[in-house]
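Worksheet: the structure to be examined is printed underneath.
None of the figures in this text is laboratory data; all of them are computed from the coordinates on show. Every value quoted in this text rests on a predicted model; they were computed, and no experiment measured them.
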Amino acid sequence: MLALPHLSGSELVATLSRLGFRIDSRAAGLATMVRDVDGDDGKVVVPETATLSPALVAALLRAAAVDPFEFLDGLDRTRPTAPAMA
């Protein structure tokens, strides 16, 4: 099984934005994001909290019809890499 990380709501929003989603609205700590691809209107509501559990991240990706591997690839491009140990 694929291990998804703990993320903040803002990290999830930023990564989904890189994958073609846009913020449709923000209210009460929730960001509604939409994506129009090939006639498929993907929509997901992301809680903008400090920490989202891996299970919640997985559920949000399913709701958004985003492949977890595609998501992790987009996430890897946004995170700084740790410096190499000497």
Expected unfolding gain across Thr49-Ala27 under the 0.36 nm per residue rule, minus the alpha-carbon gap, is 6.7 nm
Counting only C-alpha contacts under 8 Å and six or more residues apart, can you give the relative contact order of region 9-76 as a whole percent?
29
Please turn the phi angles of region 19-25 into ³J(HN,Hα) values with the Karplus equation 6.51 cos²θ - 1.76 cosθ + 1.60 (θ = phi - 60°), one per residue in order, whole Hz, x for glycine and proline.
8, x, 7, 10, 6, 8, 7
